[in-house]
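What follows is a set of notes on a single structure, which appears directly below.
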Amino acid sequence: MTNDTFFKRWGLAGLMAVICLLVNLPIILMALNSLQTTEQILASRNIIPASFSLANYQGLTNTPFFTYLRNSLVVSLGATAFSVTAAILGGYALSRFRNGLLNAYSTALFAVQMFPIILALIPLFLLFRPLGFINSPVSVIIVYSVVNLPFVTWMARSYFDTIPRELEEAALIDGCGHIEAFFRIVLPLSGPGLAAVSIFAFLFSYNEFFVANVFLRNAEAMTLPVGIQMFMQQFSTDWGSLMAAATLTMLPTLVLFLFVQKFITHGAMAGGVKG
Amino acid sequence: MNAALDTKEASAWRIRARQFLAPEFVTPAILLAPSILLLLVVIAYPMLQGFYFSFTDGLLMKSGDFVGIANYTKLLSQPAFWHSLRFSAIFAACNIVGCYLLGLGLALLLQMDMPGRGAFRVLLLLPWIVPSLVSIVSWRWMVNDERALFNQIITLFGGDPIFFLSDSNWAVTIVILIKIWRSFPFMMLSLLAALQSIDRSLYEAAAIDGATRWQSFWNVTLPQIKNISIVLCLLMTIWSVNDFDTPWLLAQGGPANATENLVVLAYRYTFARNDVGMGAATSFITLFVLMALVFFLLRLQRRS
Amino acid sequence: MASLSVQSVKKSYGTVPVLHGVDVEIKDGEFLILVGPSGCGKSTLLRMIAGLESITGGTIKIGDRVVNDLPPKARDIAMVFQSYALYPHMTVAQNMGFSLKLAKRPKAEIDAAVRKAADILALGSLLERTPKQLSGGQRQRVAMGRAIVRNPAVFLFDEPLSNLDAKLRVQMRAEIKELHQRLGTTIVYVTHDQIEAMTMADRIVVMHGGVVEQIGRPLDLYDRPANLFVAGFIGSPSMNLIEGEANGAGGFVAGDGAVLPLSGLKAPAGRDLVLGIRPEHLELAEAGTPGSIAGKVVVTEPTGSETQVTIRVGKTDLLALFHSRLDAEPGDEIHLRAMPSTMHLFDKASGRRLD
């Protein structure tokens, strides 16, 4: 019987390994092919490259890739700072208080989660232009902060929910005011959760294409997805450089995601299901 | 008599005022103020303005005049609009069905006991977490020309290469496939969490009652995840209809306008054809379509 | 140290009232226990004293200072929570010294105070641990230590023992009582466990449905419960409460017709009454003893030191508690009697004690 379960468990693991490989095949092939020059790619077209070179990656230094990367970082860090501040405040309010205003706010977050953002983008474009926000990270940071709001708020809230109220009450009795109790007790205890919230806010902003595509139309201002998309339109046959750029773009996403993957259920479920 | 009434009213008013000023109300109001301000500036105000724009003939560079419902009537008379609406519907329907089947299947597999389960879970989330641009680059590589991976496989089995991105039907198929690939992990993750929250003892009770695995799936698992499934399908519908990245990045809504959904159409009206009025009208129609769908699905849920 | 005065205190959440005007005077150095079933408002009252809940009406004074609008930190109180509420990111010593640190006392003074409290509670060897590394009983002690370090005017305890297992609870009961005798600080203690209340309190406040049912010393509540609620709540197993009326001839006719002798207890005839007899006050009697009644044994539950027996008299089931062993099988007939001084009469309509 133990033998039976042994084979069943490893058989299942084998099946899952094959499924994971198939599911991730597009990404894997892209990463492998980025290690071949465009000439080699077009000449051989083998699934697994015969020889490897870093020529494509070296070639990226002659492109605006690193300008895009810098823009991406500026935009993502800015949006993260805003989103996380709003998430801490809003998540804490939702976790600790109950009233009509909070119910309305919850509903508003739901609406934002489902809102066709194109609806706001057209007027925002006209609103931002006279302010000089087009082609400036400011416009994108502001919009991302709102787009991220539902997910990060729900995630922060589900974290604050795990911190017992009594701890704050004990702190009040020990001599803290409400604000001091929050900073001395609640915030230190929600450290890991808030780190995860920040990373998710960063990931969403870093990955985003649509909003950036509307507001950042000048090559100097573009983030990675918009810049690479431009490149894809113009040099559609330079597969080597394209795949190297895409692979490099993906790396920070993957690394950060591995750090926070165990927190993902918190936010996704809290948002999607609990309401 | 009147005086008594007055004081009674006054005291009721005072109580209400005190409730309004109580820390239980004021504190959350202060905490939410920045976010609410942001929501008003970035969502509410533009939305109202966009609604007004949809009744004007404005351009990107020049505000227009009020033209009544002309934009809407014009839009409804355009075949391109009806095409987009149909494509949006097909796109959403296929995406939901595909994601649900794939997500549920994988969630059920991931729930079983096996070595490396945590790692598999993470690996299966990758398509969801990589930037949309990266996923499109990687897929385009597989379908781009007659010697791309898909065509190598087809030729291997003796078929003729297919030009996936220049044939309308194939482009639609591919864009749907990519969308399913990009969004099934969310479905899988949420269903997995739902499956794991089912009380184990229900299965034990079912087994003692003599249920087979299939029967306990049908009678225990499915009813337990029904509600969350409806909610997930609702979210998926909304996110599919709102998707811009997948059709735009793959082929800019092409070939011709085969993969042009309502959002791409609205974008194109505004930013390519410089017609803010039509763009705004199209995005409002998108919102109405969504609201109708949500209403319909919620009714469905309430009835069941 | 200070006295504490609760004067017609009211509380409502929105339009839902939870406390209907509570008056309690607590003397300096007294150990007062609020007891009642869950939802009776006892915890709410404690939290209002602590300043964690707003006061809808009435006055709370600590010493001679009205504290209604003072924040918790200004009330000179310390509180032990049911969940202990130890800060998980601080060591035991940091937990205990936190209040003094917030008060910006010098480090040497904090250390000395923590050390002293740790000695009292035998926590000396645990000071550098975090709460996660402690057992339930140790956490409980740290929570008390944190309260002691502050040297407050009043200690508040919110069901501090309910998360401990039965054996530890008995031990902690004695320790808290000893601590009170040693420190002499006023204590207000909330529990739903009447045994805890009986064993520890100087005085008990029995609450029910947001009102005070009775205030008194433990044995007074046991001997002279003021109403049906207190009669049923205090004492374990609960008092037998039999509905019926006096027949004017020295007997009590239960609802089903069974006649119980009142043995001289005066009872007004012609109104609905409730007769209360504690199980431990029923004694075995020889057949034919005046004032005794006959019944049939339904169930016997021996616990070793005592035997609990359910006896059916007519159609009424009475619970009796004997300190001797009883050789009786279900169905056997036995005879019981109770001293009139141990019987209680209540008016059914108002629930009040008669006499």
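The values are calculated or read from the model by the stated rules, or taken from the named source; none is laboratory data. The structure displayed is predicted, hence computed values, not measured ones. A quick note on method: Cβ atoms are made from the backbone with ideal geometry, for glycine too, and the neighbour counts reach across all protein chains shown.
Of everything in segment A:41-50, what is over 14 Å from residue A:243 (Cα atoms) and either within 23 Å of the chain's Cα centre (by Cα) or more than 9 Å from chain B (Cβ to nearest Cβ) (or both)? Give them in sequence order. Within segment A:41-50, A:43, A:44, A:46, A:48, A:50 meet the criteria. Look at segment A:26-40: where a residue is touching a residue at least 60 places away in the same chain (Cβ under 8 Å) and within 9 Å of another protein chain (Cβ to nearest Cβ) and a partner is buried (at least 20 other Cβ atoms within 10 Å of the Cβ) and assigned to a loop (DSSP other than H, G, I, E, B), sitting 6+ places away or on another chain with Cβ atoms under 8 Å, you get A:27/B:130.
In segment A:97-116, the residue that is modelled with the highest pLDDT out of those that are within 20 Å of residue B:54 (Cβ to Cβ) and at the interface with chain B (Cβ under 7 Å from one of its Cβ atoms) is A:116. Can you find even one residue in segment A:216-224 that is at the interface with another protein chain (Cβ under 8 Å from one of its Cβ atoms) and in a helix (DSSP H, G or I)? Yes, the conditions are met somewhere in segment A:216-224.
Selection over segment B:155-200 of residues that are closer than 19 Å to residue B:121 by Cα and under 18 Å from the mean Cα position of the chain (by Cα) gives a count of 12. Take the conditions (1) touching a residue at least 12 places away in the same chain (Cβ under 8 Å); (2) assigned to a helix (DSSP H, G or I); (3) over 13 Å from the mean Cα position of the chain (by Cα); residue B:232 misses just one of them, which is (3). Quick check: is even one residue across segment A:75-94 exposed (fewer than 13 other Cβ atoms within 10 Å of the Cβ), more than 10 Å from every other protein chain (Cβ to nearest Cβ) and of a type outside the set (A, V, I, L, M, F, W, C)? No. In the set B:109, B:104, only one residue is closer than 30 Å to residue A:21 by Cα, more than 10 Å from chain A (Cβ to nearest Cβ) and buried (at least 16 other Cβ atoms within 10 Å of the Cβ); that residue is B:104. Filtering A:137, A:123 for residues that are buried (at least 20 other Cβ atoms within 10 Å of the Cβ), facing another protein chain (nearest Cβ under 9 Å) and either of a type in the set (Lys, Arg) or in contact with a Gly (Cβ under 7 Å, 6 or more places away or on another chain) (or both) leaves a single hit, A:123. In segment A:174-215, of all residues being within 19 Å of the chain's Cα centre (by Cα) and not in a helix (DSSP H, G or I), the one that is nearest to the other protein chains (Cβ to nearest Cβ) corresponds to A:209.
Conditions tested, residue by residue: (1) crowded, with 16+ Cβ neighbours inside 10 Å; (2) of a type outside the set (Lys, Arg); (3) modelled with pLDDT of 95 or more.
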position	(1), (2), (3)
C:34	yes, yes, yes
C:39	no, yes, no
C:53	yes, yes, no
C:64	no, yes, no
C:68	no, yes, no
C:79	yes, yes, no
C:82	yes, yes, no
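Checking the condition at the interface with another protein chain (Cβ under 8 Å from one of its Cβ atoms) and either surrounded by fewer than 16 Cβ atoms within 10 Å (Cβ to Cβ) or over 29 Å from residue A:232 (Cα atoms) (or both), which residue from B:200, B:147, B:213 passes? Quick ask: steps written out before the conclusion?
On the way: B:200 fails: at the interface with another protein chain (Cβ under 8 Å from one of its Cβ atoms); B:213 fails: at the interface with another protein chain (Cβ under 8 Å from one of its Cβ atoms).
Being at the interface with another protein chain (Cβ under 8 Å from one of its Cβ atoms) and either surrounded by fewer than 16 Cβ atoms within 10 Å (Cβ to Cβ) or over 29 Å from residue A:232 (Cα atoms) (or both) holds for just one of B:200, B:147, B:213, which is B:147.
Checking each residue of segment A:235-242 against the condition of being of a type in the set (Phe, Trp, Tyr), surrounded by fewer than 20 Cβ atoms within 10 Å (Cβ to Cβ) and either at pLDDT 90 or above or over 16 Å from the mean Cα position of the chain (by Cα) (or both) gives at least one match. When residues in segment B:117-134 are screened for being assigned to a helix (DSSP H, G or I) and either touching a strand residue (DSSP E or B) at 6+ places or on another chain (Cβ under 7 Å) or at the interface with chain A (Cβ under 7 Å from one of its Cβ atoms) (or both), 11 of them pass.
Residues checked against (1) crowded, with 19+ Cβ neighbours inside 10 Å; (2) assigned to a helix (DSSP H, G or I):
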| position | (1), (2) |
| --- | --- |
| B:29 | no, yes |
| B:41 | no, yes |
| B:50 | yes, yes |
| B:73 | no, yes |
| B:80 | no, yes |
| B:84 | yes, yes |
| B:95 | yes, yes |
| B:99 | yes, yes |
| B:115 | no, no |
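Scanning segment C:173-195 for residues that are of a type in the set (Asp, Glu) and either over 9 Å from the mean Cα position of the chain (by Cα) or within 21 Å of residue C:146 (Cβ to Cβ) (or both) yields C:175, C:178.
Per the listing B:237, B:155, B:173, B:212, the residue uniquely touching a residue at least 60 places away in the same chain (Cβ under 8 Å) and hydroxyl-bearing (Ser, Thr, Tyr) is B:237.
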